[in-house]
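Below: one structure, written as structure tokens.
The values are calculated or read from the model by the stated rules, or taken from the named source; none is laboratory data. The shown structure was predicted, so the numbers you read here are calculated from the model rather than taken from an experiment. With ideal geometry, Cβ positions are generated from the backbone for all residues, glycine too; neighbour counts draw on all protein chains shown. Accessible surface areas use protein heavy atoms only, side chains included; no ligands, DNA or RNA. Shrake-Rupley method; radii C 1.70, N 1.55, O 1.52, S 1.80 Å.
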Amino acid sequence: MIIILIVWFQLALFRVHQTELVMDLHVVNLPSDKILTNQAQMSISVIAEGKGIDILRFKKIEQKIVVDAQNFELGANEVLLSEQHINFSEPHY
């Protein structure tokens, strides 16, 4: 029975899964003449897809989305997010 559980666990770790991750949003380089008016949502939900082992590793590290606001204009600004906006840090044990 234990061998079956170990085999099942290994198969689950290497199968592709989808999961929702909540990432903190950090706005940097905001000009001094501008303010953020909607700071209530400073996190973003993203759907991640990958092997179970990779998702487990990813959840153990601190991840955040960094948005450069240097070129923000008055009013609403839209930012198209890509992998370059994601900042990873090593886990803190």
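For the chain, which whole percent of the accessible surface, found with a 1.4 angstrom probe, sits on carbon and sulfur atoms?
Details: 4380 of 7810 Å².
Accessible surface attributable to carbon and sulfur in the chain totals 56 percent.
Apply the Karplus curve 6.51 cos²θ - 1.76 cosθ + 1.60, θ = phi - 60°, to the phi angles in segment 21-32 and return the couplings in whole Hz, x for Gly and Pro.
10, 9, 10, 5, 9, 10, 9, 10, 6, 6, x, 5
How much of the calculated P(r) for segment 18-72 lies past 16 Å, in percent of all Cα pairs?
Details: 788 of 1485 pairs.
Above the 16 Å cut-off, segment 18-72 has 53 percent of its Cα pairs.
Rounding to the nearest 10 and keeping the result within 0 to 90°, find how far the Cα-based axis of helix 2-14 lies from the longest principal axis of the chain.
Rounded to the nearest ten degrees, it is 30.
In terms of modelled amide H atoms, which long-range or inter-chain residues lie less than 5 Å from the amide H of Val67?
His26, Val27, Val28
If I take every Cα pair under 8 Å that is 6 or more residues apart in the chain, average their sequence separation and divide by the length, what percent do I get for the relative contact order?
On the way: 108 pairs, mean separation 30.7, N = 93.
After rounding, I find 33 percent.
Express in nm, to one decimal, how much length is gained between Asn71 and Glu20 on full extension, taking 0.36 nm for each residue of separation and deducting their alpha carbon distance. Don't skip to the answer; put the middle values down first.
Values: separation 51, 0.36 × 51 = 18.36 nm, distance 3.00 nm.
Value of the extension gain: 15.4 nm.
Using a probe radius of 1.4 Å on heavy atoms only, what accessible surface per residue do you get for the chain? Whole Å² is fine. Working shown, then result.
Numbers: 7810 Å² over 93 residues.
On a per-residue basis, the chain sits at 84 Å².
What does the convex hull of the Cα atoms of the chain come to per residue, in Å³, rounded to a whole number?
Numbers: hull volume 12.1 nm³, N = 93.
It is 130 Å³ per residue.
How many percent of DSSP beta bridges within segment 6-67 run antiparallel, rounded to 5? Let's see the in-between values first.
On the way: 9 of 13 bridges.
Roughly 70 percent of the beta bridges in segment 6-67 run antiparallel, per DSSP.
State the extension gain, in nm to one decimal, for the chain segment bounded by Leu11 and Val28, taking 0.36 nm per residue of separation less the distance between their alpha-carbons.
Working: separation 17, 0.36 × 17 = 6.12 nm, distance 4.13 nm.
Here the answer is 2.0 nm.
Can you pull the one-decimal nm distance between simple spin-label points at Ser45 and Glu62, each 7 Å off the Cα toward Cβ?
The two pseudo-label positions are separated by 2.5 nm.
Under 19 Å Cα to Cα from Lys51, which aspartates and glutamates show up? Leave out anything in the same chain fewer than 8 places away.
Glu20, Glu62, Glu83
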